[in-house]
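In what follows, a structure is listed as structure tokens, so that the remarks can point back to it.
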Amino acid sequence: MYSLANKRVLLGVSGGIAAYKSAEVVRRLQDLGATVRVVMTAAATDFITPLTLQALSGNPVHTKLLDTKAEAAMGHIELAKWADVILIAPISANFMAKLASGEASDLLSTLCLASRSLLAVAPAMNQGMWKNPSTQKNIGYLRSRGIHIFGPAEGSQACGDTGPGRMIEPKDIAELTADLFETGSLAGIKVVITAGPTREAIDPVRYISNNSSGKMGYALAEAASEAGAETILISGPVNLKPPSRAKTVYVTSAREMHIAALEEAVDCQLFIACAAVADYRPVNQSEQKIKKSKDEITINLIKNPDIVADIAALTNRPFTVGFAAETPQTKDCLEIYAREKLERKNLDLVIANDVSGRTMGFDSDDNAVLVVETSSSEAIPKTSKTILSRQLIAKIAQMLKITNKTL
Ligand code: PMT
């Protein structure tokens, strides 16, 4: 089943008669669950109006690079970061040449240069233009850069010619776009992921907690499902929509998360502990709201169970991945702290993040991590949690294959 649930598609429309079909592309992408924003080149607006695509997509259509009003609402760099995938359908021979030469002469070409997301194009042009060696050279180059080329199809063309160059059908474009996210690298395995904070009650209205938003863990769950895993997400209290293809188990406290994790981990092959579990809880929970009668009160705390360490200690343990949230004084400290956790908790892998700033780690859309294994480490630079999660899942799937723990 094809799905684009929770995916953000930036649909680029370039100039050509097939631009009229972009209206249906919007619809078919939405049918699969995508949120769509449209960017049109000036030439595209000669074939279909921005108003049509705005009405269908439900979002303002962007046409100009230097548009102060549009920049104030969502700047072009923000737009480039917003997309999980940029899909240009149709892409003309001219726009392919622009992409191949790395031009930034209009909004759409600038977005393609600035974006780190997946890029796919559905060519549409006269058969002679398609067969032209310059076009073929550009296509070859775009392919070599990892840009996905959908089509074109063969058949009769608007100009009266017959041959290759027709844009493939909107439904096929939407399904191929969905396919980009399906790697299958974790097919047949069960993954349990913890996410979000825990809350440790002091009294019926107060608790100890932290700033985890759940974004990192939820993105990992999405990426694991895309990779074909049966995904169980054990979530603390967050304000996020549950991932469409994962089973989500909601908990509040560390002890509840501990019970749920041990229950779900029985037959799982991969456990990823991304939750920011409270290390301590109040020894006693007051049944009544504590009155403000004293200037000072003391709350005695007791250690919570270490969930990931207990999973790693199981006889038939899964491949066990922990996170390390650190505020290191020097760059080297991050690895030292992560390695200490790797050993102390007997983990297969630790994903360490520096949570000192506000733009990464807790409650942010981006993150940068150091992936620490027994004999090596690898830094993954700052990127969106969505993209980072796909990179992490690909790496873990590779390690699982090598250790042969599951496949
Ligand atoms: O949720 P976001 O806002 O997106 O933020 C993401 C994040 C910063 C929370 C995430 O990237 C992260 O770092 N998660 C781990 C946070 C944490 O508690 O780190 P720690 O270094 O204190 O714990 C080490 C590991 O032990 C973690 O895998 C943690 O889940 C686990 N742990 C900790 C305590 C405990 N009682 N049980 C555990 O399983």
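The values are calculated or read from the model by the stated rules, or taken from the named source; none is laboratory data. Since we're looking at a predicted model, the values are computed, not measured. Here the Cβ positions follow ideal geometry from the backbone for every residue, glycine too, while neighbour counts run over all protein chains shown. The area values use the complete protein model at the heavy-atom level, side chains included, leaving out ligands, DNA and RNA. Shrake-Rupley method; radii C 1.70, N 1.55, O 1.52, S 1.80 Å.
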TODO: Distance check, please: which entries in LYS7/LYS190; LYS215/LYS341; LYS21/LYS131; LYS81/LYS190 exceed 28 angstrom between their Cα atoms?
DONE: LYS81/LYS190
Open item on the list: Could you tell me the relative contact order of region 82-214? Use alpha-carbon pairs under 8 Å, at least six residues apart, and round to a whole percent.
Closed with: 19 percent
TODO: Using a 10 angstrom cutoff on alpha carbons, build the Gaussian network for the chain and name the most mobile of LEU220, LEU29, LEU65.
DONE: LEU65
- [ ] May I ask you to list the lysines whose Cα is less than 24 Å away from that of LYS294, ignoring any residue fewer than eight positions away on the same chain?
- [x] none
Task: LYS331, LYS131, reordered so the largest accessible area comes first (probe 1.4 Å) - done: LYS331, LYS131
TODO: Could you pull out every one of the aspartates and glutamates with an alpha carbon less than 15 Å from that of LYS98, ignoring same-chain neighbours closer than 8 positions?
DONE: ASP106
Task: Accessible-area ranking of ARG116, ARG166, largest first, probe 1.4 Å - done: ARG116, ARG166
TODO: Counting helices only, and only those DSSP H runs with n ≥ 4, report the 222 nm mean residue ellipticity of the chain as the sum of -39,500 (n - 2.57) divided by its residues, in deg cm²/dmol to the nearest 500.
DONE: -10000 deg cm²/dmol
Task: Selected from ILE307, ILE272, ILE380 as most flexible by GNM, with the chain as the system and alpha-carbon contacts under 10 Å - done: ILE380
Open item on the list: At a 10 angstrom cut-off on C-beta neighbours, averaged per residue, how do the peptides 201-210, 290-299 rank from highest to lowest?
Closed with: 201-210, 290-299
TODO: Would you rank GLU24, GLU335, GLU343 by solvent-accessible area, highest first, keeping every protein chain in place and using a 1.4 Å probe?
DONE: GLU343, GLU24, GLU335
TODO: Name the most mobile residue of ALA273, ALA153, ALA324, meaning the one with the largest mean-square fluctuation, in a Gaussian network model of the chain with Cα contacts below 10 Å.
DONE: ALA153
Task: R0 of 25 Å, Cβ-Cβ distance ALA158-ALA55: FRET efficiency to nearest 0.05 - done: 0.55
Open item on the list: Please enumerate, by chain and number, the aspartates and glutamates with C-alpha under 17 Å from the C-alpha of LYS247, excluding those fewer than 8 residues away in the same chain.
Closed with: GLU222, GLU226, GLU230, GLU256, GLU263, GLU264, ASP267
Task: In Å, descending, principal axis extents of the Cα set of the chain - done: 82, 53, 41
